[in-house]
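What follows is a set of notes on a single structure, which appears directly below.
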Amino acid sequence: MELKNVELDLWRFRMRVGAAAAFVLVAFGLLGTRLIYLQVIKFAELTAQAESNRITVAPIVPNRGMIVDRNGVVLANNYSAYSLEITPSRVDNLNALIDDLAQVVDIQSRDRKRFRRMLEEHKNLDSLPIRTKLSDEEVARLLAQRFRFPGAEVKARLFRNYPFGEIGSHLLGYIGRINPAEKDVLDESENASNYRGTEYIGKLGVEQSYESELHGLAGFEEVETSAGGRAVRLLKSRAATPGNMLMMSVDIRLQALVEDMFGARRGALVALDPRNGEVLALVSKPAFDPNLFVDGIDFESWRELNESLDKPLLNRALRGTYPPGSTIKPFLAMAALNTGKRGPNQVIFDGGTFQFGNHTFRSHDDKGLGPVDMMRSIVKSSNVYYYSLANELGVDVMHEQLEPLAFGRKTGIDIDGEVTGLLPSTEWKRRFFKTPEQQRWFAGDTISLGIGQGYNSFTMLQMASATATLATGGLRFKPRLVREIEDVTTRARKRIASDALPALPYLAEHAAFIQRAMHGVTQEGTSARSFGGAPYKSGGKTGTAQAIGIKQNEKYNASKIDEYQRDHSLYIAFAPIEAPTIALAIVVENSGFGSEAAAPIARRVFDYALLGLVPSAEDMAATRIGKSGAPIGKPRHAADHALPGITAVIDIAAEGAAP
């Protein structure tokens, strides 16, 4: 019989109990350590996570501010509509879901293409629209069958609306979806939190440049949710503050009148108030419908706009540059007076040509005007007078005298996209060209500048700004499109004054002389047929600018040249002479002499701006086809008559004034 070793068994038992106890102690120690880590060290972080799981903060996107014209007519507002949106991350088979949805609502191929494009560009967005502006019937069908479409939902959205369509599109701009590059900029800005939930942003014109005023302040809702994500109760909220209302200096009736007179022709017009720099009209033709971009433009419409030879997306008023032609002559005459190079009574013989070395510079049809003083050189538009004047002044003196008038530099208008144009100088040529031979300034280069050809290239905004300065005898302002901003909460209006620039040191008698000469252009000069019988006094200057160079000794014949290579028609003007309230510059592309296409439009603009009159339907038709000699019809007051061809604009204007 084997005896048990009690001591050994007892020792083993004690070891097992000790090991078990140690294990238990270690386990409780680990639990205690973990508890301290979670409850003490990580308390703040985990509390925040728990709250975030329990509370959902949803941004409330503010209503975008309205834009109205100087008379309170609404140019841009918002309306509510329903969209069908898909969250790709919640969908297993995207194509199958879209096919199923297409059985309930109408989804065209263009809708699918646009959705695919947005899916590629906005991979990080929660949801993307496949159809917008659903009808009530479509919304009802979708809501009744929403259980069939996980990942798809109907959302109420605010959409931007431009009541006048193409009219004023280049100055208003448009809004569109925020692209990845814009999102990165917003995320890094101080205003990032204000754009949470926002999907659209201003892209061009006033919509872009005044984005901070129009966007408003985002609100939020704190909602308590269950573990399953169902909303339980609203804890806290702050309503969004709508964007401010912009009141523009533009008169939409004048804008519509000008655009209608252009018809299908290309060109630009800028009209300013020379007393303060306010923009009364800023026209670029052809235009585009900004409503196409609000929802995401379809591929066919984008291709049509982008590939058109007429370039409707180009803002010709700010970005189109043109040789000024003979419209440069009053400014060169002022430069001659200002520098003392020529006096008003100095006579130059105009024999039809100007000989410089072995090169002959010609007048129109080589017709000479005989003895010409400064007054007659402007009224009759003598080329020979300004060939010789340019030669006397020299390119650098011309640059010095014209640059303060806004030629060759940005005017500082309050929207983005303006280009500098080109006012040449010897220093510019050294910087622009690479080889020594190209950098050399030739005397012959200077001669062509005298009639606004050669390297000269300006925008209509620059031309209008310079004309306004000439009309006021040297007063200068930065052009401005927005005149007031109304706070949407307090209704207080803040006036946006135009920035006054230092006045130019023109002698009063010199300015008055140039103004009288330009008035002579409308009485016995090249625009007399358009301004004959006007009950006000205006000053103007026609211009014809070459779109392509003509070879030496080659006669210009428009009928033998492609339309896009024909001369441009230009006109600058201001009125009334005694105390100018409007100054303008206009170009009608490839339309020939300034007296034929541009001047008649200017006459109708002045009739409206100064007298409140609108042309007859016959006059409007004649202006569209460029009949400079068309008689002015029986005056009609704009308050009593709709403008021909734009009745819808007037109807909306009558009903659409902002509160």
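The values are calculated or read from the model by the stated rules, or taken from the named source; none is laboratory data. These numbers come from a predicted model, not from an experiment. Reconstructed Cβ throughout: ideal geometry from the backbone, glycine too, with neighbour counts over all protein chains shown. With ligands, DNA and RNA removed, areas are computed over all heavy atoms of the protein, side chains included. Shrake-Rupley method; radii C 1.70, N 1.55, O 1.52, S 1.80 Å.
Residues whose amide H comes within less than 5 Å of that of S457, counting only those at least five positions distant or on another chain, are L422 (H built at 1.01 Å from N in the peptide plane). The simple Förster model, with R0 at 35 Å and r as the Cβ-Cβ distance, assigns F433 and Q346 a FRET efficiency of 0.50.
Per 0.36 nm of contour for each residue apart, how much would the distance between R117 and T87 grow if the chain were fully extended, relative to their Cα-Cα spacing? List each step's numbers first, then the result.
On the way: separation 30, 0.36 × 30 = 10.80 nm, distance 1.47 nm.
Result for the pair: 9.3 nm of gain on full extension.
3J(HN,Hα) along region 141-146: 5, 5, 5, 5, 10, 5 Hz, from the Karplus curve 6.51 cos²θ - 1.76 cosθ + 1.60 with θ = phi - 60°, whole Hz, x for Gly and Pro.
Converting phi to 3J(HN,Hα) with the Karplus coefficients 6.51, -1.76 and 1.60 and the offset θ = phi - 60°, region 436-442 yields x, 5, 5, 6, 6, 8, 9 Hz in sequence order, with x at every glycine or proline.
Note on region 230-326: dipole from Cβ charges, positive end direction compared against N315, S326, S249; the farthest Cα belongs to S249. Derived scalar couplings between HN and Hα for region 197-206 equal x, 7, 10, 10, 8, x, 10, 9, x, 4 Hz in order, rounded to whole Hz, by the Karplus curve 6.51 cos²θ - 1.76 cosθ + 1.60 (θ = phi - 60°), x for Gly and Pro.
In this calculation the C-beta distance from D445 to V419 is compared with R0 = 25 Å, giving a FRET efficiency of 0.70.
Centre-to-centre separation between the Cα atoms of region 421-435 and those of region 493-509: 30 Å. F531 contributes about 10 Å² of solvent-accessible surface, heavy atoms of the protein only, 1.4 Å probe.
Using the Kirkwood radius over C-alpha pairs as Rh, can you work out the diffusion coefficient of region 210-350 via Stokes-Einstein at 25 °C, viscosity 0.890 mPa s, in µm² per second? Numbers along the way, then the final one.
Working: Rh = 21.2 Å.
Answer from the Stokes-Einstein relation: 116 µm²/s.
Extending 7 Å from the Cα toward the beta-carbon at both N358 and Q565 defines two label points whose distance is 2.7 nm. Take the Cα of R146, step 7 Å toward its Cβ, do the same at E509, and the gap between the two points is 8.2 nm. Using the Cβ of S189 as centre and a radius below 11 Å, the other residues enclosed give a net charge of -4, where K and R count +1 and D and E count -1. Excluding same-chain neighbours fewer than eight residues apart, the aspartates and glutamates reachable from K494 by a Cα-Cα span under 17 Å are D69, E211, E213, E278, D414, E484, E486. For region 369-387 versus region 307-343, the spacing of their alpha-carbon centroids is 19 Å.
Close amide H contacts of V482 (hydrogens built in the peptide plane, cut-off under 5 Å, sequence separation of 5 or more or a different chain): S249.
Ignoring ligands, DNA and RNA, please state the percent of accessible area on the chain from carbon and sulfur, probe 1.4 Å.
Working: 16710 of 31460 Å².
Taking all protein chains in place, the chain shows 53 percent carbon and sulfur surface.
Annotation: average projected area of the chain is 48.6 square nanometres, based on the convex hull of Cα atoms across all directions.
Can you give the Rg to Rh ratio of region 89-182, both from alpha-carbon atoms, with Rh computed by the Kirkwood formula? All intermediate terms of the calculation are to be shown ahead of the outcome.
Numbers: Rg = 15.4 Å, Rh = 15.4 Å.
That ratio is 1.01, to two decimals.
Sorting 609-616, 267-274 by average packing, meaning the other beta carbons within 10 Å per residue, from highest down gives 267-274, 609-616.
Rounded to the nearest 500, the 222 nm mean residue ellipticity of the chain from helices alone is -11000 deg cm²/dmol, with -39,500 (n - 2.57) taken per DSSP H run of at least 4 residues.
Between A102 and L38, take the C-beta separation as r, use R0 = 41 Å, and let me know the FRET efficiency to the nearest 0.05.
Values: r = 51 Å, r/R0 = 1.24.
For A102 and L38, the calculated efficiency is 0.20.
Using 0.36 nm per residue and subtracting the Cα-Cα separation, the extra length available between K367 and D136 on full extension is 76.0 nm. In the context of the full set of protein chains, the chain has a per residue accessible area of 48 Å² (1.4 Å probe). Per-residue packing, averaged as other Cβ atoms within 10 Å, sorts the ranges 494-501, 176-183, 538-545, 430-437 into the order 538-545, 176-183, 494-501, 430-437, beginning with the highest. Backbone amide hydrogens, once placed in the peptide plane, bring A76 within less than 5 Å of I67, excluding anything fewer than 5 places away on its chain. In this simple spin-label approximation, N161 and L94 carry label points 7 Å from Cα along the Cα→Cβ vector, and these lie 3.2 nm apart.
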